[in-house]
Amino acid sequence: MPIPSLASVLSELDVQFQEALTALSAIDNLPALDVFKSLYLGKKSPLSTAMRHLGSLPPEEKPSVGQKLNDLKSSLQEAIQNQLKIIKETMAQRMIEADTTDASLPPRGSRKGSFHPIHQTQSQIMACLSRLGFSVKEGPDIETEFYNFEALHIPANHSARDMHDTFYLHSGLLLRTHTSPVQIRTMQQQAPPIKIMVPGKVYRCDSDATHSPCFHQIEGLVVDKGIRFSDLKGVLIAFLEDLLGQEVKIRFRPSYFPFTEPSTEIDVSCFKCHGSGCGLCKQTGWIEVLGAGLVNRHVLRASGYDPETVTGFAFGIGVDRMAMLQFGIPDIRLLYENDSRFLRQF
Ligand code: FA5
């Protein structure tokens, strides 16, 4: 078979180069451009094959052929770069054309977060009490029967335990049913005078429009020489008027707590019916918001205090009920559903 002349090989490469340029100009996407690159510049391409055979040429032909092959290669690389630019510009143009966003529309604006209504009410109650000189104490959510009941003068089998539908855990532990155990923990730790508030979650197996299985209380405890029931009344009226406004009606109703004597429950006028009676206030016109009383002398004595020397008062505020009153929320369960359409209103 006759060996093709160098001139015919080079002219064949020229023809292939022209064909490649024509094919390249028709490519309109990146994967096809990659295939083209490996076909014309890859190891098995005619150009690379010709370069590998350079060594077998007579020395006098090598420079001109080498120069020719290099020129072809750089021209092809340059043409590929140009085509790449064209493809990218076309793709960007297509995306702009497909985009239906109206950049002239005004921005939607960002939505600001806010504190949960329970948190807002709790902060306001704490701010009121802080202005009256109370400092903050905390206690554990998991309590012993001793602190939750016995030390508060509620022994086992006492009927008052039925008032607290308790979530019992194992080995004498329970989820605290009120914040009152922190009264005992504080009195055991420090000598009078005491003036503390205790915010925290409490738990009871109870659920309806005004009762939640997990709710919030703020306990108050004041112990000092000469504390009387009138001090309790003064503090609670000042605090309730500060929180709910001067026009709110407040009622002290005789009640019973084993750890206070005398005891009272405080009701405020129903925000929904303003006292005329409705489903929320069970037709009474009043909503109970807190329990209170003078600290029972047995509790003072069991905590190491002398009831002949010091007396005290305590109260336990239902924060969730207060939030309902403040914001006009008709069902306590709304506070725990985390529905953003509801929460966005506060
Ligand atoms: C107590 O928990 C007493 N420890 C309060 C107390 C403290 C009395 C210090 C005397 C001295 P009571 O069970 O009534 O009391 O609850 C206090 C308040 O918590 C109620 O007035 C009510 O506002 C709120 N509350 C009670 N149970 C629930 C519940 N399941 N869901 C929401 N709020 C509740």
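The values are calculated or read from the model by the stated rules, or taken from the named source; none is laboratory data. Quick caveat, the model's predicted, so the values are computed rather than measured. Positions of Cβ are backbone-derived with ideal geometry, glycine not excepted, and every protein chain shown enters the neighbour counts. When the accessible area is computed, the model is the full protein with side chains, heavy atoms only, and any ligands, DNA or RNA have been set aside. Shrake-Rupley method; radii C 1.70, N 1.55, O 1.52, S 1.80 Å.
For the range 176-194, the tally of residues that are open to solvent by 10 Å² or more (accessible area, probe 1.4 Å) and touching a Lys or Arg at 6+ places or on another chain (Cβ under 7 Å) stands at 0. Of all the listed residues (Asp331, Asp320, Asp339), the sole one being within 23 Å of the chain's Cα centre (by Cα), charged (D, E, K, R) and buried (at least 20 other Cβ atoms within 10 Å of the Cβ) is Asp320.
In the list Ser171, Ser114, Ser74, Ser104, which residue meets the criterion of being of a type in the set (S, T, N, Q), modelled with pLDDT under 95 and within 30 Å of Leu10 (Cα to Cα)? Checking each option against the conditions leaves just Ser74. For the range 36-52, residues that are in contact with a helix residue (DSSP H, G or I) (Cβ under 9 Å, 6 or more places away or on another chain) and either assigned to a helix (DSSP H, G or I) or surrounded by 14 or more Cβ atoms within 10 Å (Cβ to Cβ) (or both) total 11.
The number of residues in the range 310-330 that are touching a strand residue (DSSP E or B) at 6+ places or on another chain (Cβ under 9 Å), modelled with pLDDT of 90 or more and within 14 Å of the ligand (Cβ to nearest atom) comes to 14. From the list Thr90, Thr100, which residue is more than 30 Å from Asn338 (Cα to Cα) and outside any helix (DSSP H, G or I)? The unique qualifying residue is Thr100. Kindly check whether there is at least one residue in the range 154-175 that is open to solvent by 50 Å² or more (accessible area, probe 1.4 Å), within 16 Å of the ligand (Cβ to nearest atom), under 20 Å from Thr311 (Cα atoms) and in contact (Cβ under 8 Å) with a residue 24 or more places away in the chain. The answer is no; no qualifying residue exists. Remark: pairs (first residue in the range 243-263, open to solvent by less than 40 Å² (accessible area, probe 1.4 Å); second residue of a type in the set (A, V, I, L, M) and more than 13 Å from the ligand (Cβ to nearest atom); Cβ separation under 6 Å; 6+ apart in sequence or on different chains) are absent.
So that you can scan it fast, the table gives a plain yes or no per residue for (1) on the phi > 0 side of the Ramachandran plot; (2) at pLDDT below 95; (3) among the charged types (D, E, K, R):
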| site | (1), (2), (3) |
| --- | --- |
| Phe239 | no, yes, no |
| Pro254 | no, no, no |
| Ser276 | no, yes, no |
| Gln283 | yes, yes, no |
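The conditions of being out of contact with any Leu (no Cβ under 6 Å at 6 or more places or on another chain), away from the ligand (no atom under 16 Å from the Cβ) and either without any contact (Cβ under 8 Å) to a residue 24 or more places away in the chain or more than 30 Å from Gly226 (Cα to Cα) (or both) are met by Asp339.
Scanning the range 195-208 for residues that are surrounded by 15 or more Cβ atoms within 10 Å (Cβ to Cβ), of a type outside the set (Val, Ile, Thr) and either at positive phi or within 12 Å of the ligand (Cβ to nearest atom) (or both) returns Met197, Gly200, Tyr203, Arg204.
Here is a yes/no grid of residues against (1) at pLDDT 90 or above; (2) touching a helix residue (DSSP H, G or I) at 6+ places or on another chain (Cβ under 7 Å); (3) part of a loop (DSSP other than H, G, I, E, B):
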site: Asp165; (1), (2), (3): no, no, yes
site: Gln188; (1), (2), (3): yes, no, no
site: Ile196; (1), (2), (3): yes, yes, no
site: Pro199; (1), (2), (3): yes, yes, no
site: Glu219; (1), (2), (3): yes, yes, no
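Applying the set (1) open to solvent by 60 Å² or more (accessible area, probe 1.4 Å); (2) more than 9 Å from the ligand (Cβ to nearest atom); (3) of a type in the set (Gly, Ala, Ser) to Gly226 leaves exactly one unmet item: (1).
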